[in-house]
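The structure appears right after this line, and notes come after that.
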Amino acid sequence: MHTLFEPGAPTEPGMISLLTPEFSGNEWVYVKSCLDSGWLSSVGNFVERFEREFAAYVGTKFAVATASGTAALHIALLVAGVRPDDEVLVPTLTFIAPANAVRYVDAWPVFMDVDADYWQMDMNKIADFLKHECVSDKCMLRNKLTGRRISTVLPVHILGHPVDMQPLRELCEKYGLSIVEDASEALAARYRDRYVGSIGELGCFSFNGNKIITTGGGGMIVTNDSAKAERARYLTTQAKDDPFRYVHNEIGFNYRLTNLQAAVGCAQLECLTKFVERKRSIAAELNEGLDDIPGLRLPQEAPWASSSFWLYTVLLDAALGWNLDTVISKLHHDGIQSRPLWQPMHLSKAHSGCQSYFCSTSEALVRSALSLPSSVGLGGDQIAYISERLSSYADHKTDDPKWRVGFLKNSFLTEC
Ligand SMILES: *Cc1c(COP(=O)(O)O)cnc(C)c1O
């Protein structure tokens with residue numbers, strides 16, 4: 001049998017990869033101008049310009065560029081006032097970075113489930129948790145089980161689709177919690193008339209190589225609060241109180257984005273609207289191509305949402321009888337990279353011992369979710385090929401015993 005793709009391994013030549021960056025704008029021009037200026041590190045025109053233009057795009061007053069999305073989350077949690085031994089509500093179905101960031105500040109994630117329609121943090125379960133599992137005590141909310149203070153909710157807009165923010169804001173106002181958004185996968189997605197990342201106290205973004213725009217590595221914190229923006233800037237630049245005499249009154253971090261990376265960022269940002277339009281049209285074209293495969297569930301977009309369709313993901317209905325690992329191998333064999341979603345955080349050894357709250361929907365989703373190529377540069381012929389291949393497996397599935405559900409076990413779901 002063909003081996004499954006290895007996470008992080010470069011795609012073989014000729015493969016249609018999941019996500020490849022697109023550099024067709026002013027990247028070379030700006031990088032050259034940056035090199036010519038001699039300002040390569042974190043002081044320089046491109047960093048300021050990238051921050052200014054990024055804030056203008058997402059609709060916040062301030063933006064602070066960071067070395068990565070993970071660094072942005074780390075600092076945003078500190079700035080939001082998360083203290084050691086606090087608890088932060090995090091969706092269990094996410095890339096691991098936001099859960100890790102909670103541990104970096106010595107706080108604890110409590111893993112919450114996602115909803116079955118849009119696969120985002122489930123507001124009904126959050127409301128139940130806050131109502132039944134927590135208690136107000138001396139102006140703060142405590143988890144009855146652990147006795148710890150709940151201070152913050154960290155919604156993650158996964159795969160490009162927004163979280164339902166209005167009910168979350170109402171709950172957070174009611175219980176006195178702050179919101180730090182992880183919008184790493186959903187740049188330029190909108191919740192009603194607002195861009196995600198601009199709705200909570202602080203929002204975080206990533207410019208890793210596979211994200212909607214990239215600087216190689218990088219991130220951004222956005223906020224409308226000038227004091228929070230100042231604090232983020234201070235903590236990301238080694239907490240310098242007197243940069244001439246090297247006076248530091250606190251322990252800071254070397255977390256700033258470099259000018260060279262920001263030069264790439266400025267060029268990418270100019271293409272963002274075009275990139276997202278293309279992502280949305282790729283999703284529409286894939287929807288059309290895959291529509292008549294019975295038992296394949298296409299991604300849904302909520303009526304209040306405009307998704308950026310960062311990574312196009314379908315569900316293989318159990319009734320279809322397709323085994324996820326086998327489909328991934330078949331696609332690989334046919335030159336198409338695909339992958340399952342992340343191991344849910346409440347099953348991850350990295351976060352064993354953390355509390356979780358009824359995460360059965362996430363577990364079911366991960367058993368059947370399949371992410372397909374979604375690069376901005378994906379052509380119509382490639383989309384047609386992907387659709388044609390998947391349809392052909394549907395036609396032949398009964399001939400091959402490997403298609404039976406459970407023939408291979410989803411090993412990454414069994415760790416506990
Ligand atoms: C990519 C990603 C991050 C981390 O970003 P880096 O820039 O790689 O540190 C954080 N959260 C989510 C949801 C992501 O997808």
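For region 313-321, check the following and say yes or no: at least one residue is open to solvent by 30 Å² or more (accessible area, probe 1.4 Å) and closer than 23 Å to residue 20 by Cα.
no
Please work out which residue is surrounded by the fewest Cβ atoms within 10 Å (Cβ to Cβ), limiting yourself to region 146-170 and to residues that are part of a loop (DSSP other than H, G, I, E, B) and of a type in the set (A, V, I, L, M). Break it down stepwise before answering.
Taking region 146-170 and keeping what is part of a loop (DSSP other than H, G, I, E, B), we get 146-148, 154-155, 157, 161-164.
Filter once more, so that each one left must be of a type in the set (A, V, I, L, M): 154, 163.
Values: 154: 28, 163: 31.
Ranking the candidates gives 154 first.
Scan region 268-286 residue by residue and report those that are of a type in the set (Val, Ile, Thr) and open to solvent by 20 Å² or more (accessible area, probe 1.4 Å).
273
Considering each of 244, 253 in turn, give the residue that is surrounded by fewer than 20 Cβ atoms within 10 Å (Cβ to Cβ), within 16 Å of the ligand (Cβ to nearest atom) and more than 18 Å from the chain's Cα centre (by Cα).
Step by step, each of 244, 253 is checked, and only 253 is surrounded by fewer than 20 Cβ atoms within 10 Å (Cβ to Cβ), within 16 Å of the ligand (Cβ to nearest atom) and more than 18 Å from the chain's Cα centre (by Cα).
Give region 167-225 a look and list any residue that's touching a Lys or Arg at 6+ places or on another chain (Cβ under 9 Å) and among the β-branched types (Val, Ile, Thr), or say none.
Selection gives 179, 196, 199, 212, 221, 222, 223.
Of the residues that make up region 171-190, is at least one in contact (Cβ under 8 Å) with a residue 40 or more places away in the chain, assigned to a loop (DSSP other than H, G, I, E, B) and open to solvent by 30 Å² or more (accessible area, probe 1.4 Å)?
No, every residue in region 171-190 fails to be in contact (Cβ under 8 Å) with a residue 40 or more places away in the chain, assigned to a loop (DSSP other than H, G, I, E, B) and open to solvent by 30 Å² or more (accessible area, probe 1.4 Å).
Being outside any loop (DSSP other than H, G, I, E, B) and under 20 Å from the mean Cα position of the chain (by Cα), is that true of even one residue in region 324-336?
No: region 324-336 contains no residue that is outside any loop (DSSP other than H, G, I, E, B) and under 20 Å from the mean Cα position of the chain (by Cα).
Of all residues in region 333-359, which are at positive phi and either open to solvent by 30 Å² or more (accessible area, probe 1.4 Å) or touching a His at 6+ places or on another chain (Cβ under 9 Å) (or both)?
Let us first name the residues in region 333-359 that are at positive phi, namely 335, 353, 358.
The answer is 353, 358.
Please pick out the residue among 164, 193, 182 that is more than 16 Å from the ligand (Cβ to nearest atom) and closer than 20 Å to residue 98 by Cβ.
164
Listed residues 265, 289, 216; which is in contact with a helix residue (DSSP H, G or I) (Cβ under 7 Å, 6 or more places away or on another chain), open to solvent by less than 60 Å² (accessible area, probe 1.4 Å), part of a helix (DSSP H, G or I) and within 16 Å of the ligand (Cβ to nearest atom)?
Testing whether each residue is in contact with a helix residue (DSSP H, G or I) (Cβ under 7 Å, 6 or more places away or on another chain), open to solvent by less than 60 Å² (accessible area, probe 1.4 Å), part of a helix (DSSP H, G or I) and within 16 Å of the ligand (Cβ to nearest atom) leaves just 265.
Yes or no, residue by residue, for (1) surrounded by fewer than 18 Cβ atoms within 10 Å (Cβ to Cβ); (2) over 25 Å from residue 301 (Cα atoms):
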{"position": "53", "(1), (2)": "yes, yes"}
{"position": "59", "(1), (2)": "yes, no"}
{"position": "72", "(1), (2)": "no, yes"}
{"position": "87", "(1), (2)": "no, yes"}
{"position": "96", "(1), (2)": "yes, no"}
{"position": "112", "(1), (2)": "no, no"}
{"position": "123", "(1), (2)": "no, no"}
{"position": "129", "(1), (2)": "no, yes"}
{"position": "144", "(1), (2)": "yes, yes"}
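Report the residue count in region 23-36 for those that are open to solvent by less than 60 Å² (accessible area, probe 1.4 Å) and among the hydroxyl-bearing types (Ser, Thr, Tyr).
2
Across region 360-372, which residue is farthest from residue 327 (Cα to Cα) among those that are small (Gly, Ala, Ser) and open to solvent by less than 10 Å² (accessible area, probe 1.4 Å)?
Here the answer is 362.
Name the residue, out of 202, 141, 130, that is more than 12 Å from the ligand (Cβ to nearest atom), modelled with pLDDT of 95 or more and closer than 17 Å to residue 51 by Cα.
After applying the criteria, what remains is 202.
How about region 219-230: which of its residues are within 28 Å of residue 270 (Cα to Cα) and away from the ligand (no atom under 16 Å from the Cβ)?
Selection gives 223, 224, 225, 226, 228, 229, 230.
Identify all residues within region 219-241 that are surrounded by fewer than 24 Cβ atoms within 10 Å (Cβ to Cβ) and either in a loop (DSSP other than H, G, I, E, B) or of a type in the set (Ser, Thr, Tyr) (or both); write none if there are none.
Within region 219-241, 224, 225, 226, 234, 237, 238, 239, 240, 241 qualify.
Considering only residues of region 37-48 that are of a type outside the set (S, T, N, Q) and open to solvent by 60 Å² or more (accessible area, probe 1.4 Å), which is modelled with the highest pLDDT?
Top of the filtered list is 48.
The values are calculated or read from the model by the stated rules, or taken from the named source; none is laboratory data. Keep in mind the model is a prediction, meaning the values are calculated, not measured. Positions of Cβ are backbone-derived with ideal geometry, glycine not excepted, and every protein chain shown enters the neighbour counts. For accessibility, only protein heavy atoms count, side chains too; no ligands or nucleic acids. Shrake-Rupley method; radii C 1.70, N 1.55, O 1.52, S 1.80 Å.
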